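Trainee: Sharing a structure with you now.
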Amino acid sequence: MAKSKNNAKKVSYISVPSQIINSLSSSSLQSLLIPPKKPSANRFFGLKWFRSPRFWFLALFLCGFLGTLKLWYTLDPLIPFSPYPCVTRQSQLQESFSNGHTRQQLGFVSNDERNDKKDQEVGSVNARELKFEAGIKSNEVKHESLKGVVDFQGGISGGVEEESEFWKQPDGLGYKPCLKFSSDYRRGSELIFEDRRKYLLVVVSGGMNQQRNQIVDAVVIARILGAALVVPILQVNVIWGDESEFSDIFDLANFKRVLANDVRIVSSLPSYHLTRRPVVESRTPLHVSPQWIRARYLKRLNREGVLLLRGLDSRLSKDLPSDLQKLRCKVAFHALRFAPPVLELGNKLAERMQSKGPYLALHLRMELDVWVRTGCQPGLSHDYDEIINKERKQRPELLTAKSNMTCHERKLAGLCPLNALEVARLLKALGAPKSARIYWAGGQPLGGKEALLPLTREFPNFYNKEDLALPGELKPFANKASLMAAIDYLVSENSDVFMPSHGGNMGHAIQGHRAYAGHKKYITPNKRHMLPYFLNSSLPEAEFNRVIKELHRDSLGQPELRTSKAGRDVTKYPVPECMCRDSHTHVL
């Protein structure tokens, strides 16, 4: 290494073995000694047109436009509501369902998934701390506090006031249960219990709620005839094949105890009556009065000792003397309590729904038999319409009443069940927050999960009994439709808000039960009057919501006097026969 005294710059030399130098070409050697040139920064960016402000303005515009397009196509909105009610299609739902909607998003979890989760849990699970295994993961909209409500466009709307308004209960006007029987009725009870000769046998049919109605009628008829009532026989349902007996569904001991002062209840006929031929009535006319029942059966019953009745469904008049109306309420709201195993599980599921705040219960009537019976179309696809039409042609007797009306006419008359899209729009218009937790009761809808997509998109916290139950909890009730319906009834009865998508025995029973419990909120969809607004696509959203709220202002479970609804069941409208505002109320 050499050093120059005269130069300020220092020059360094590297000693390289000659073998290496000989192995390198001149170009390679030059690349080692001379550092590479840095690429010119102006090779691309130096172009004059790229520095132009116009270019940057155009680039920003294109980026914004493309971003807007991407956002538009990922919003995944509800399908447009068809202006033709009977040909509403949801084909877009099928496409979106196949493009990434997971089971958790829809609120459905398989048994295997639940078992896997259960295996990972350590220790006992508190029912109120249980995390639902049906869609609570990434999609749950938490509302531990009411700081604001996420609206359907993803913003904040209304906050505490709007959410609390939806959960607000109607004014019960001070009505409370009031079952004070007259002195004549109480004297009649003494005579009934002295008579040991007459027995009434009844066979009830249909689903669980239909059976409840017939049992209520059976108790009242036994009282009218002064006969002992043998525990009702539940006919095996030809559709569901449920072989449940009375004591499987209802608490028999409670049934006997509550009615101990009204009707004598026995578990079976005395042995001396088993060989006697009973008087059989297979078809009672509609709306029969107590006078008709006595004239028709009392003489023969006194002679034969046993009367067997079938086909009681809605045969007894709804306009009965005051004491008999009170008896109907006593049976429906006090005597027909569910059996302990059913009651225990139903209340557990209700507690799990309540553990995170208020919840809405929906009774969705979207099964195949409902569409066939009502003469309506679900608005899914042509294939499903063909399934319904084929079933209707094969069994025309299933179509209930007004068979001369077209599907479109039935829809406009409010005779069709609401589909999932219509339910979602109605709830949204009534102010239900997107975070609302919904329990849905009912059988599997025609079209399966895809038929529910418009509802689960708007309200992702969507559960049924299978989602809430722990592994094995529903096993004792498997393949027993009546017991499953009883569980749905209990969770619905305990909800903060209830709404059916169509009428029916369960909706009517729960309406009366919620009224009797103090007029808990019950939304009755005003289908006939709201449909024109559903079909008016030009109506602004704010105006649509205002109109729908106005239409339902008096349909939220407020007290309705049965005296203005002659011919209606007192177990649906318990005011004024079974409820009063007297300070000295009598429950039993």
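Trainee: Go through segment 435-462 and give me each residue that's basic (Lys, Arg) and at pLDDT below 95.
Mentor: From segment 435-462, those basic (Lys, Arg) are 437, 449, 457; that's our starting set.
Correct list: Lys449 only.
Trainee: For segment 293-315, enumerate the residues that are under 23 Å from Gln210 (Cα atoms) and of a type outside the set (Val, Ile, Thr).
Mentor: Filtering segment 293-315 for residues under 23 Å from Gln210 (Cα atoms) gives 293, 307-315.
Selection gives Leu307, Leu308, Leu309, Arg310, Gly311, Leu312, Asp313, Ser314, Arg315.
Trainee: Here's a follow-up. Filter segment 516-530 for residues that are outside any loop (DSSP other than H, G, I, E, B) and either surrounded by fewer than 19 Cβ atoms within 10 Å (Cβ to Cβ) or not assigned by the TED database to the domain that holds Val575 (or both) and give the result. Before you say what the answer is, go through the steps one by one.
Mentor: Kept after step one, since they are outside any loop (DSSP other than H, G, I, E, B), are these residues of segment 516-530: 516, 521-522, 527-530.
Once the filter is applied, which keeps residues that are outside any loop (DSSP other than H, G, I, E, B) and either surrounded by fewer than 19 Cβ atoms within 10 Å (Cβ to Cβ) or not assigned by the TED database to the domain that holds Val575 (or both), segment 516-530 yields Arg528, His529.
Trainee: Does His513 satisfy being closer than 27 Å to Val220 by Cα, at pLDDT 95 or above and in contact with a helix residue (DSSP H, G or I) (Cβ under 6 Å, 6 or more places away or on another chain)?
Mentor: On the way: closer than 27 Å to Val220 by Cα: yes; at pLDDT 95 or above: yes; in contact with a helix residue (DSSP H, G or I) (Cβ under 6 Å, 6 or more places away or on another chain): yes.
When the stated conditions are applied, His513 passes them.
Trainee: Pull out all pairs, ordered by first then second residue, where Cβ-Cβ is under 9 Å, the residues are six or more apart or on different chains, the first lies in segment 576-588 and is outside the structural domain of Leu327 (by the TED database) and at positive phi, and the second is outside any loop (DSSP other than H, G, I, E, B) and at pLDDT 60 or above.
Mentor: Taking only residues 6 or more apart or on different chains, not a single pair turns up.
Trainee: Identify all residues within segment 543-554 that are surrounded by fewer than 15 Cβ atoms within 10 Å (Cβ to Cβ), assigned to a loop (DSSP other than H, G, I, E, B) and of a type outside the set (Asp, Glu); write none if there are none. Steps first, please.
Mentor: Filtering segment 543-554 for residues surrounded by fewer than 15 Cβ atoms within 10 Å (Cβ to Cβ) gives 543, 546, 549-550, 553-554.
Now narrow it down to the ones that are assigned to a loop (DSSP other than H, G, I, E, B): 553-554.
Residue satisfying the conditions is Arg553 alone.
Trainee: Another question, if that's okay. Within segment 288-306, does at least one residue satisfy the condition of being touching a residue at least 40 places away in the same chain (Cβ under 8 Å), farther than 18 Å from Val216 by Cβ and assigned to a strand (DSSP E or B)?
Mentor: yes
Trainee: If you go through segment 388-414 one residue at a time, how many are β-branched (Val, Ile, Thr) and buried (at least 18 other Cβ atoms within 10 Å of the Cβ)?
Mentor: The qualifying residues number 1.
Okay, residues lined up against (1) free of Cβ contacts under 8 Å to residues at least 60 places away in the same chain; (2) small (Gly, Ala, Ser); (3) over 27 Å from Ala350 (Cα atoms):
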position	(1), (2), (3)
His502	no, no, no
Met506	no, no, no
Ala515	no, yes, no
Lys527	no, no, yes
Leu531	no, no, yes
Ala542	yes, yes, yes
Arg546	yes, no, yes
Ser555	yes, yes, no
Gln558	no, no, no
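Trainee: In segment 253-269, how many residues are assigned to a helix (DSSP H, G or I) and either modelled with pLDDT under 95 or within 17 Å of Asp217 (Cα to Cα) (or both)? Before the answer, list the steps.
Mentor: Going through segment 253-269, the residues assigned to a helix (DSSP H, G or I) turn out to be 253-258.
Checking which are either modelled with pLDDT under 95 or within 17 Å of Asp217 (Cα to Cα) (or both) leaves us with 255-256, 258.
Matching residues across segment 253-269 total 3.
Trainee: If you don't mind, another one. Among Arg283, Arg277, Arg196, Arg257, which is the only one that is surrounded by fewer than 22 Cβ atoms within 10 Å (Cβ to Cβ) and closer than 20 Å to Gln325 by Cα? Lay out the reasoning, then the answer.
Mentor: On the way: Arg283 fails: closer than 20 Å to Gln325 by Cα; Arg277 fails: closer than 20 Å to Gln325 by Cα; Arg196 fails: closer than 20 Å to Gln325 by Cα.
Within the list Arg283, Arg277, Arg196, Arg257, the selection yields Arg257.
Trainee: When you scan segment 329-347, do you find a residue that is touching a helix residue (DSSP H, G or I) at 6+ places or on another chain (Cβ under 7 Å), more than 30 Å from Val575 (Cα to Cα) and not acidic (Asp, Glu), even just one?
Mentor: yes
Trainee: When the residues of segment 164-182 are filtered to those that are modelled with pLDDT of 95 or more and outside any loop (DSSP other than H, G, I, E, B), which remaining residue is nearest to Gln325 (Cα to Cα)?
Mentor: Looking at residues that are modelled with pLDDT of 95 or more and outside any loop (DSSP other than H, G, I, E, B), I get Pro177.
Trainee: Moving on. For the list (1) open to solvent by 70 Å² or more (accessible area, probe 1.4 Å); (2) under 17 Å from Pro500 (Cα atoms); (3) among the aromatic types (Phe, Trp, Tyr), I need the number of the one condition that Tyr533 fails.
Mentor: Against the list (1) open to solvent by 70 Å² or more (accessible area, probe 1.4 Å); (2) under 17 Å from Pro500 (Cα atoms); (3) among the aromatic types (Phe, Trp, Tyr), Tyr533 comes up short only on (2).
Trainee: Just a yes or no: is a residue in segment 270-283 closer than 25 Å to Gly512 by Cα, of a type outside the set (Phe, Trp, Tyr), under 38 Å from the mean Cα position of the chain (by Cα) and not in a strand (DSSP E or B)?
Mentor: Of the residues in segment 270-283, the ones closer than 25 Å to Gly512 by Cα are none.
Checked against the condition, which is being closer than 25 Å to Gly512 by Cα, of a type outside the set (Phe, Trp, Tyr), under 38 Å from the mean Cα position of the chain (by Cα) and not in a strand (DSSP E or B), segment 270-283 yields no hits at all.
Trainee: Let me ask something else. Among the residues of segment 352-364, is there at least one that is crowded, with 21+ Cβ neighbours inside 10 Å and assigned to a helix (DSSP H, G or I)?
Mentor: Initial filter on segment 352-364 (crowded, with 21+ Cβ neighbours inside 10 Å): 352-353, 359-364.
So of that shortlist, the ones also assigned to a helix (DSSP H, G or I) come out as 352-353.
Yes, because at least one residue in segment 352-364 is crowded, with 21+ Cβ neighbours inside 10 Å and assigned to a helix (DSSP H, G or I).
Trainee: Let me ask another. Give, as residue ranges, the helices (runs of 4 or more DSSP H) completely inside segment 368-413 that count at least 2 residues that are acidic (Asp, Glu), assigned by the TED database to the domain that holds Gly443 and under 19 Å from Ala451 (Cα atoms). Reasoning before the result, please.
Mentor: Numbers: elements: 368-374, 382-394, 407-412.
Passing ranges, in order: 382-394.
Trainee: Now a separate question. Give segment 503-515 a look and list any residue that's open to solvent by less than 30 Å² (accessible area, probe 1.4 Å) and polar (S, T, N, Q), or say none.
Mentor: Result: Gln511, single match.
Trainee: Can you tell me how many residues in segment 216-246 are open to solvent by less than 20 Å² (accessible area, probe 1.4 Å) and assigned to a helix (DSSP H, G or I)?
Mentor: Summing the residues that are open to solvent by less than 20 Å² (accessible area, probe 1.4 Å) and assigned to a helix (DSSP H, G or I) in segment 216-246 gives 10.
The values are calculated or read from the model by the stated rules, or taken from the named source; none is laboratory data. This structure is a prediction, so every number in the text was calculated from the model and none was measured. Note that we place each Cβ from the backbone using ideal geometry, even for glycine, and neighbour counts take in every protein chain shown. Ligands, DNA and RNA are stripped out before the accessible areas are found, and what is left, the full protein with its side chains, is counted by its heavy atoms. Shrake-Rupley method; radii C 1.70, N 1.55, O 1.52, S 1.80 Å.
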